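Laboratory data are not the source of any read-out in this text; all were calculated from the coordinates shown. What you see is a predicted model; the values in this text were computed from it and never measured. Here the Cβ positions follow ideal geometry from the backbone for every residue, glycine too, while neighbour counts run over all protein chains shown.
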Amino acid sequence: MGNRDLEYFVRRERQEREHAARADDTTARRVHLEMAERYSAKLREIVPATLQA
């Protein structure tokens with residue numbers, strides 16, 4: 001994965017957290033936070049690989 005992937009996951013994590021903050025429904029908020037965590041996990045996978053390269 002490259003720099004564009006990193007930028008994408010950073011952007012999507014931020015967007016999901018913003019959506020969660022604006023959500024009135026608790027289920028919607030939870031789902032947005034779960035998606036943000038998935039993007040965060042992908043970032044943790046990418047960053048160590050990038051540092052090793």
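The table below lists the values:
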quantity: Per-residue Cβ neighbour rank within 10 angstrom, fewest leading, Tyr39, Tyr8; calculated: Tyr8, Tyr39
quantity: Segment 21-26 - phi-based ³J(HN,Hα) in whole Hz, Karplus 6.51/-1.76/1.60, Gly and Pro as x; calculated: 5, 8, 5, 7, 8, 5
quantity: P(r) histogram, all alpha-carbon pairs of the chain included - 10 Å bins from 0, percent; calculated: 28, 44, 21, 7, 0
quantity: Separation of the Gln15 and Ser40 label points, Cα + 7 Å toward Cβ, nm; calculated: 1.9 nm
quantity: Asp5 versus Asp25: modelled label distance in nm, points set 7 Å from Cα along the beta carbon direction; calculated: 3.3 nm
quantity: Karplus 3J(HN,Hα) series, Hz, for segment 32-41 with 6.51 cos²θ - 1.76 cosθ + 1.60 (x for Gly, Pro); calculated: 4, 5, 5, 5, 4, 5, 5, 5, 4, 5
